[in-house]
Amino acid sequence: MTSHTIVYLDQNYLSNMAKARLGFPMNKADSEFWQSLFGSLKAAVLADKIACPESQFQRKEACLDRRIEEAVVRIIDELSWGLEFNPWEVILRLQIEDAAFRFLGKTPPPIETWSIPFKSDPHAPVESRMEDIFGTKGRIAVSFSPPDEIIEEGRQSKLEFMDEAQEILNRYSNNPPSWSKLLLQNKKGVLDGFMGKLARESITQQLQKDSPLDKLSALDRYNDLVDLFNRLQEIGINTDKSEIMNFMESEELYNIPFVDINGSIWAAIAQYGCQGRKRGKGDFYDAPILAIALPYCDVIATDGFMKEIVVKKFHFDETYKCNVFSASKTDRQAFQKLIKELK
């Protein structure tokens, strides 16, 4: 089977390629570069040199800008050919299960390594995805834009998420903890929001809302939480006694990739905030994106601030053996050169 270089493109790259395709006002050299880069990526995908998985965040982000939404979605389709990351909740749950086995000194059951992060094998030939997903070769299915009310819900959800993140940042700014404490607090926060007290409180609040959709979503989250604890019980962790608390505070759990990366990025953003940096529009939203992509991709294209955090501050590029590029002129040219030179 062909071995692909797994490449993840964040919204900065996707948006710029879309704007260049649509002829948006930009520097002529930039426009030519972004169009050329798309050509290089598409050629590498069709030649089975790279695979560009889609994440759950990309279309959500695309639909927030109606001007370029269709072009961004088209680019996603033409590069991913149906290859998708699992939702971050699924990835985190599977990593938690793996941590539970290691916490107990057990060997996890054998699985395909790609099945934790991806819905299908990223190393399968692109032609097989064309046939399996779209039923033909060389033609992409039409992507439909979600209704306005769904888009508005997504926008509000992102704004609420950003507001909550800013509240946390404000608390840190008022009483900055030590770096080690800040890092630990943020890793605990990731877990607490997924399977701890914060998760239960959030579900309770959502159940009290008037919207039937909110109630159904809360019930789904509750059932998922029950399923997770039942699974931990099956693995051997007694969820009725102190053992579960020991597991919840274990190195095995704190150091799983999603918690390690997500919690670390949040801590770094808070630290920079305490030092006076104003947060960017997508700072907190980038944390879960990078937490799912860094451990499973060979190459990531992101923004300059995130590259500074994951490369210079934490050296996650070395830990997870991933090349990280920003959208600076030097980086994006180096990124294209790497794509073109892949064998």
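The values are calculated or read from the model by the stated rules, or taken from the named source; none is laboratory data. Source: prediction; values computed, not measured. Note that each Cβ is placed from the backbone with ideal geometry, even for glycine, and that neighbours are counted across all protein chains shown.
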With the checklist (1) out of contact with any helix residue (DSSP H, G or I) (no Cβ under 7 Å at 6 or more places or on another chain); (2) at pLDDT below 95; (3) of a type in the set (A, V, I, L, M, F, W, C) in hand, flag the one item PHE335 doesn't pass.
-> (2)
Mind listing whichever residues of the range 317-343 are in a helix (DSSP H, G or I) and not polar (S, T, N, Q)?
-> ASP317, GLU318, LYS329, ASP331, ARG332, ALA334, PHE335, LYS337, LEU338, ILE339, LYS340, GLU341
Of all residues in the range 82-107, count the ones that are over 14 Å from the mean Cα position of the chain (by Cα) and free of Cβ contacts under 8 Å to residues at least 12 places away in the same chain.
-> 2
Only residues that are out of contact with any helix residue (DSSP H, G or I) (no Cβ under 9 Å at 6 or more places or on another chain) and either more than 20 Å from GLY273 (Cα to Cα) or in contact (Cβ under 8 Å) with a residue 24 or more places away in the chain (or both): list them for the range 294-318, please.
-> CYS297, ASP298, HIS315
The range 113-133, residues that are of a type in the set (Asp, Glu) and under 15 Å from ALA51 (Cβ atoms) = ASP121, GLU127, ASP132
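This table checks each residue for (1) in contact with a Ser or Thr (Cβ under 9 Å, 6 or more places away or on another chain); (2) buried (at least 16 other Cβ atoms within 10 Å of the Cβ); (3) among the aliphatic types (A, V, I, L, M).
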{"residue": "LEU219", "(1), (2), (3)": "no, no, yes"}
{"residue": "LEU228", "(1), (2), (3)": "no, yes, yes"}
{"residue": "LEU232", "(1), (2), (3)": "yes, yes, yes"}
{"residue": "THR239", "(1), (2), (3)": "no, no, no"}
{"residue": "ASN246", "(1), (2), (3)": "no, no, no"}
{"residue": "SER250", "(1), (2), (3)": "no, no, no"}
{"residue": "LEU253", "(1), (2), (3)": "no, yes, yes"}
Considering each residue of the range 1-33, count those that are surrounded by 20 or more Cβ atoms within 10 Å (Cβ to Cβ) and of a type in the set (Phe, Trp, Tyr), and give that number.
-> 2
Going through the range 44-74 one residue at a time, which ones are over 19 Å from the mean Cα position of the chain (by Cα), among the hydrophobic types (A, V, I, L, M, F, W, C) and assigned to a helix (DSSP H, G or I)?
-> ALA44, VAL45, LEU46, ALA71
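Filtering the range 174-232 down to residues that are of a type outside the set (Ser, Thr, Tyr) and not in a helix (DSSP H, G or I), which residue is farthest from PRO109 (Cα to Cα)?
Going through the qualifying residues, I end up with ASN175.
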Conditions (1) surrounded by fewer than 16 Cβ atoms within 10 Å (Cβ to Cβ); (2) within 28 Å of ALA334 (Cα to Cα); number of the one not met by PRO87 = (2)
Only one residue in LYS312, LYS307 is over 26 Å from LYS119 (Cα atoms), in a helix (DSSP H, G or I) and within 15 Å of the chain's Cα centre (by Cα). Which one?
-> LYS307
Could you please let me know if GLN95 is assigned to a helix (DSSP H, G or I), modelled with pLDDT under 95 and of a type outside the set (Asp, Glu)?
-> no
Checking ARG231 against (1) at pLDDT below 95; (2) of a type outside the set (Phe, Trp, Tyr); (3) more than 29 Å from ASN12 (Cα to Cα), the condition it does not meet | (1)
